[in-house]
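Below is one structure, written out as structure tokens; comments come after it.
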């Protein structure tokens, strides 16, 4: 990747991560306890490639996240594609799960996305610290905002 991302970069990212992120979703949602879910989230962070430093810009930074997190968006053929990263592994694991839910969705699907129901499905409802929950909801808000532009 260079200083700018092309539609081809977003498409490639979505294709490369689709199956691994589906596996992560399955692993987290079927984990028996919070420790197992946490371990899966930490492993899930490894599924997302790191953004190069030149893409870790203030313009892409997600406001409201305690840990630095960056989000990029592209719309291709009516589908919204996202690339995101964070410097914190647990946050990056949460980002991976969120990208599983929203990547390659149309605007209507994103507008109807229910984050609380998704977290409940994953067994994460009530398990995240307030600062992580706030950061995750800030990321979700930014995704929805970008999908409306």
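The values are calculated or read from the model by the stated rules, or taken from the named source; none is laboratory data. Just so it is clear, the model here is predicted, and its values are computed rather than measured. Counting neighbours? That spans all protein chains shown, and the Cβs are built from the backbone with ideal geometry, glycine included.
Values as computed for the structure displayed
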read-out	value
Residue selected from region 105-125 under the condition closer than 20 Å to residue 41 by Cβ and in contact (Cβ under 8 Å) with a residue 40 or more places away in the chain, by the criterion surrounded by the fewest Cβ atoms within 10 Å (Cβ to Cβ)	121
Number of the exception - residue 70 against (1) in a loop (DSSP other than H, G, I, E, B); (2) without any contact (Cβ under 8 Å) to a residue 24 or more places away in the chain	(1)
Count - residues of region 42-63 that are touching a helix residue (DSSP H, G or I) at 6+ places or on another chain (Cβ under 9 Å), under 21 Å from residue 131 (Cα atoms) and in a loop (DSSP other than H, G, I, E, B)	2
Residue list for region 105-146, filter: assigned to a helix (DSSP H, G or I), in contact with a strand residue (DSSP E or B) (Cβ under 8 Å, 6 or more places away or on another chain) and modelled with pLDDT of 90 or more	107, 110, 139, 142, 143, 146
Matching residues in region 85-104 - criterion: being surrounded by fewer than 20 Cβ atoms within 10 Å (Cβ to Cβ) and either free of Cβ contacts under 8 Å to residues at least 12 places away in the same chain or part of a loop (DSSP other than H, G, I, E, B) (or both)	87, 88, 104
Candidate set: region 1-41, residues that are in a loop (DSSP other than H, G, I, E, B) and farther than 28 Å from residue 57 by Cα; chosen: the one nearest to the chain's Cα centre (by Cα)	31
